[in-house]
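See structure below.
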Amino acid sequence: MNQGEKISHIFNFKNKGKENLLVKNVSSSCGCTVAKWTRNELVPGGNGEIEVTFDTEGKSGKQVKTVTIETNAVPSVKVIHVTAEVIGK
């Protein structure tokens, strides 16, 4: 990616459990990474998504950002990583 670009990725997921799934919160390791997610409860078999957008402004080199997902499932916390190589201006 070139410095200054914003890139988004959508992580799709499915409720494979027997109870409704609620994503309570999604937080990132820095302000340059923002997440939007399905906020309604998902019935068993239901699908949802988390869209993560990374802003490369002021960044260069290898970047690894974490996104923490809190749900009512067990375990209640899941961490995903977003990795990018940013080419400086």
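Residues checked against (1) under 16 Å from residue 78 (Cα atoms); (2) open to solvent by less than 50 Å² (accessible area, probe 1.4 Å); (3) of a type in the set (D, E, K, R):
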site: 7; (1), (2), (3): no, no, no
site: 12; (1), (2), (3): yes, no, no
site: 19; (1), (2), (3): no, no, yes
site: 27; (1), (2), (3): yes, yes, no
site: 31; (1), (2), (3): no, no, no
site: 49; (1), (2), (3): yes, no, yes
site: 54; (1), (2), (3): no, yes, no
site: 58; (1), (2), (3): no, no, no
site: 63; (1), (2), (3): no, yes, no
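Please enumerate the residues belonging to the stretch 75-89 that are among the basic types (Lys, Arg) and either open to solvent by less than 30 Å² (accessible area, probe 1.4 Å) or touching a residue at least 40 places away in the same chain (Cβ under 8 Å) (or both). Steps first, answer last, please.
Here is the first cut: in the stretch 75-89, the residues among the basic types (Lys, Arg) are 78, 89.
Across the stretch 75-89, the qualifying residue is only 89.
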Open item on the list: I'm told residue 36 meets every condition in (1) touching an Asp or Glu at 6+ places or on another chain (Cβ under 8 Å); (2) outside any loop (DSSP other than H, G, I, E, B); (3) in contact (Cβ under 8 Å) with a residue 24 or more places away in the chain except one. Can you identify the failing condition by its number?
Closed with: (3)
TODO: Give just the number: which of (1) polar (S, T, N, Q); (2) surrounded by 14 or more Cβ atoms within 10 Å (Cβ to Cβ); (3) touching a Leu at 6+ places or on another chain (Cβ under 7 Å) does residue 72 not satisfy?
DONE: (2)
- [ ] Would you mind telling me which numbered condition in (1) modelled with pLDDT of 95 or more; (2) open to solvent by less than 40 Å² (accessible area, probe 1.4 Å); (3) among the polar types (S, T, N, Q) residue 38 fails?
- [x] (1)
Task: Subset tally (residues that are within 19 Å of residue 15 (Cα to Cα) and either free of Cβ contacts under 8 Å to residues at least 40 places away in the same chain or in a loop (DSSP other than H, G, I, E, B) (or both)) for the stretch 40-74 - done: 13
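The values are calculated or read from the model by the stated rules, or taken from the named source; none is laboratory data. Remember, predicted model here, so these are calculated numbers, not experimental data. In this analysis, Cβ positions are derived from the backbone assuming ideal geometry, glycine residues included, and neighbour counts consider all displayed protein chains. Accessible surface areas use protein heavy atoms only, side chains included; no ligands, DNA or RNA. Shrake-Rupley method; radii C 1.70, N 1.55, O 1.52, S 1.80 Å.
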